[in-house]
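The next block holds one structure in the form of structure tokens; read it before the comments.
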Amino acid sequence: MFPLNLPNALTVVRIMLVPVLVAALLGNTPGGDVLAAVVFALASLTDFVDGYLARSRDSVTTFGKLMDPLADKLLIVAALVSLVSLHRLAAWVAMVIIARELAVTVLRLAATQAGVVMAASMWGKLKTVLQIAAILAVIAVHGQPPWVLALLYAAVAATVLSGLDFFFGLRRQLQQMQARSGG
């Protein structure tokens with residue numbers, strides 16, 4: 001059982017909103033896109049709120065550390081895959097984002113096992129904001145006007161740059177750790 005506090009409850013709510021998002025996008029119902037946009041925006045908002053609350057109330061838990069990033073990835077991946085299946089998003093865009101998220105998640109887990117904690121960087125935070133904004137725009141705006149495409153390409157660029165920043169930062173930390181241990 002996980003500690004029941006508000007940040008953890010918000011993380012669980014975000015996970016529970018993922019199938020609602022997919023059903024709203026893929027179900028052929030009137031107003032489905034509006035519902036999907038509202039659900040995606042609400043779920044994304046919980047991501048910002050739960051982290052803030054956990055830190056400000058000293059309510060950081062192991063459950064939250066593990067499940068919060070997983071909930072974020074589930075939300076983003078579900079939206080991307082759904083939008084690709086609807087032919088509203090190019091598959092390569094989704095693959096770049098999903099590949100980066102998977103690679104960083106695996107590397108972060110390996111780093112943690114090696115005793116290295118990688119804090120979120122400004123590139124990672126910018127990437128998250130741009131991904132959320134771009135996905136929300138693709139859900140809410142039919143067709144892809146130039147501003148939506150620009151937002152999408154900015155999200156892809158930030159995704160790649162944040163992945164490189166993470167990789168080289170991790171490499172640097174591991175080299176420093178190795179140098180300190182004399183190895």
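The values are calculated or read from the model by the stated rules, or taken from the named source; none is laboratory data. Keep in mind that what you see is a predicted model, and the values were worked out from it rather than measured. So basically every Cβ, Gly included, is an ideal-geometry build from the backbone, and we count neighbours across all protein chains shown. Heads up: the accessible areas ignore ligands, DNA and RNA and are worked out on the full protein's heavy atoms, side chains in. Shrake-Rupley method; radii C 1.70, N 1.55, O 1.52, S 1.80 Å.
Taking residues in the stretch 19-36 that are under 12 Å from residue 79 (Cβ atoms) and in contact (Cβ under 8 Å) with a residue 12 or more places away in the chain, and partners anywhere that are surrounded by 15 or more Cβ atoms within 10 Å (Cβ to Cβ) and hydroxyl-bearing (Ser, Thr, Tyr), the pairs with Cβ atoms closer than 8 Å and at least 6 places apart or on different chains are 21/82; 22/82; 25/82; 26/82.
Taken over the stretch 44-77, the criterion of being part of a helix (DSSP H, G or I) and of a type in the set (A, V, I, L, M) is satisfied by 45, 49, 53, 54, 66, 67, 70, 71, 74, 75, 76, 77. Report, by residue number, each residue of the stretch 99-120 that is in a helix (DSSP H, G or I) and either within 14 Å of residue 165 (Cα to Cα) or among the hydroxyl-bearing types (Ser, Thr, Tyr) (or both). The answer is 100, 101, 103, 104, 105, 107, 108, 112. Testing residue 161 on (1) among the aliphatic types (A, V, I, L, M); (2) in contact with a Phe, Trp or Tyr (Cβ under 6 Å, 6 or more places away or on another chain); (3) over 23 Å from residue 174 (Cβ atoms), one condition comes back false. Which one is that? It is condition (3) that residue 161 fails.
Just one of the numbered conditions (1) open to solvent by less than 50 Å² (accessible area, probe 1.4 Å); (2) more than 17 Å from residue 39 (Cα to Cα) is not true of residue 115: (1).
Applying the selection to the stretch 2-36, what residues are open to solvent by 50 Å² or more (accessible area, probe 1.4 Å) and not in a helix (DSSP H, G or I)? Matches in the stretch 2-36: 2, 3, 4, 28, 29, 30. Within the stretch 125-148, the only residue that satisfies the criterion of being open to solvent by 50 Å² or more (accessible area, probe 1.4 Å), touching a Ser or Thr at 6+ places or on another chain (Cβ under 9 Å) and of a type outside the set (A, V, I, L, M, F, W, C) is 125. When the stretch 75-111 is limited to residues that are of a type outside the set (Phe, Trp, Tyr) and open to solvent by 70 Å² or more (accessible area, probe 1.4 Å), the one that is farthest from residue 15 (Cα to Cα) turns out to be 87. Residues in the stretch 62-74 that are in contact (Cβ under 8 Å) with a residue 40 or more places away in the chain, over 11 Å from the mean Cα position of the chain (by Cα) and open to solvent by 20 Å² or more (accessible area, probe 1.4 Å): 63, 67.
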